[in-house]
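Asks: Attaching a single structure in structure tokens format; questions to follow.
What follows is calculated from the coordinates using simple rules that are stated; it is not laboratory data. Everything quoted here is computed from the prediction, not taken from an experiment. In this analysis, Cβ positions are derived from the backbone assuming ideal geometry, glycine residues included, and neighbour counts consider all displayed protein chains.
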Amino acid sequence: MTNKVKFCRLLRERSNEHRKAINLMLLNELYGQTISFLRQELDSMVRVIFLIEQSDFSIGEHFVEQTLSNAKWTLPNSRTIVTDRQMVELSNT
């Protein structure tokens with residue numbers, strides 16, 4: 001199984017888990033916790049959009065590997081952690 005397939009599977013599983021948790025939170029009127037799960041989903045969407053927009057396949061693969069190894073996203077050959085703002089800015093260049 002390729003890293004891309006593993007990454008997609010991980011995102012789908014996480015999203016399904018979030019959907020179930022959100023339903024439980026809403027049933028119990030735990031709106032703050034619901035928002036927490038929605039923010040996690042939004043974070044995943046930002047990351048996927050960022051990866052899709054990468055023209056250099058090796059950069060996308062770098063971040064996919066970091067996700068699969070449960071590491072924070074850092075720029076290639078750097079210790080600089082990638083922020084959501086940087087992902088949006090890099091996607092727009």
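Asks: Going by C-beta contacts inside 10 Å, put 47, 85 in order with the fewest on the left. Let's see the in-between values first.
Replies: Values: 47 19, 85 9.
Result, fewest neighbours first: 85, 47.
Asks: Kirkwood-based Rg over Rh for segment 3-91 (C-alpha set), two decimals?
Replies: On the way: Rg = 14.7 Å, Rh = 14.2 Å.
Radius of gyration over Kirkwood radius for segment 3-91 works out to 1.03.
Asks: If amide H atoms are built 1.01 Å from N in the plane of the peptide, which residues on other chains or at least 5 residues away come under 5 Å of the amide H of residue 74?
Replies: Excluding prolines and chain starts, which carry no amide H, the hits are 82.
Asks: Under a Cβ-only charge scheme (Lys and Arg +1, Asp and Glu -1), can you give me the dipole magnitude of the chain about the Cα centre, in debye to the nearest 20?
Replies: On the way: 12 positive and 11 negative charges, 50 e Å.
That gives a dipole near 240 debye.
Asks: Tell me the mean residue ellipticity at 222 nm calculated for the chain from its helices only (DSSP H runs of n ≥ 4, each -39500 (n - 2.57), averaged over every residue, nearest 500). Walk me through the numbers before you get to the answer.
Replies: Values: 4 runs with 67 residues, N = 93.
It lands at -24000 deg cm²/dmol.
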